[in-house]
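Input: a single structure, listed below in structure tokens.
The values are calculated or read from the model by the stated rules, or taken from the named source; none is laboratory data. The structure presented is a predicted model; accordingly, all values stated were derived computationally and were not measured. Every residue, glycine among them, receives a Cβ derived from its backbone with ideal geometry; neighbour counts consider all protein chains shown. The accessibility values were calculated without ligands, DNA or RNA, using every heavy atom of the protein model including side chains. Shrake-Rupley method; radii C 1.70, N 1.55, O 1.52, S 1.80 Å.
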Amino acid sequence: MLVLTRKVGESIMIGDGIEVKVISIDGDQVKLGIEAPRHIKVHRQEVFEAIQAENKAALDVTEQLINQLKNF
């Protein structure tokens, strides 16, 4: 893991097209601004994990339906 120190208004670049900028710091919370190309999805970790779980559940249901159709 790369650990960087940034101040409010400073940013880091990821590759050629993703900028992560420190917008504000309030106590133990840091507000970040992220600029990325539209084709790159940016989610909070908990949202990303929920999407992954939903995708897995949908895949499981699809696989069950396919197996039922094969046995039909």
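Count, please, the residues in region 43-72 that happen to be among the β-branched types (Val, Ile, Thr) and at pLDDT below 95.
Within region 43-72, residues that are among the β-branched types (Val, Ile, Thr) and at pLDDT below 95 number 3.
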Assuming Thr62 fulfils every condition listed in (1) open to solvent by 60 Å² or more (accessible area, probe 1.4 Å); (2) in contact with a Lys or Arg (Cβ under 8 Å, 6 or more places away or on another chain); (3) of a type in the set (Ser, Thr, Tyr) apart from one, which condition is it?
-> (2)
First in region 30-41 and within 10 Å of Gly17 (Cα to Cα) and free of Cβ contacts under 8 Å to residues at least 24 places away in the same chain, second anywhere and among the β-branched types (Val, Ile, Thr) and assigned to a loop (DSSP other than H, G, I, E, B), Cβ under 7 Å, 6 or more apart = Ala36/Val42
Would you tally the residues in region 39-55 being surrounded by 10 or more Cβ atoms within 10 Å (Cβ to Cβ) and over 8 Å from the mean Cα position of the chain (by Cα)?
-> 8
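Which of the residues spanning region 22-38 are among the charged types (D, E, K, R) and within 19 Å of the chain's Cα centre (by Cα)? Lay out the reasoning, then the answer.
Keep residues of region 22-38 that are among the charged types (D, E, K, R), which gives 26, 28, 31, 35, 38.
Matches in region 22-38: Lys31, Glu35, Arg38.
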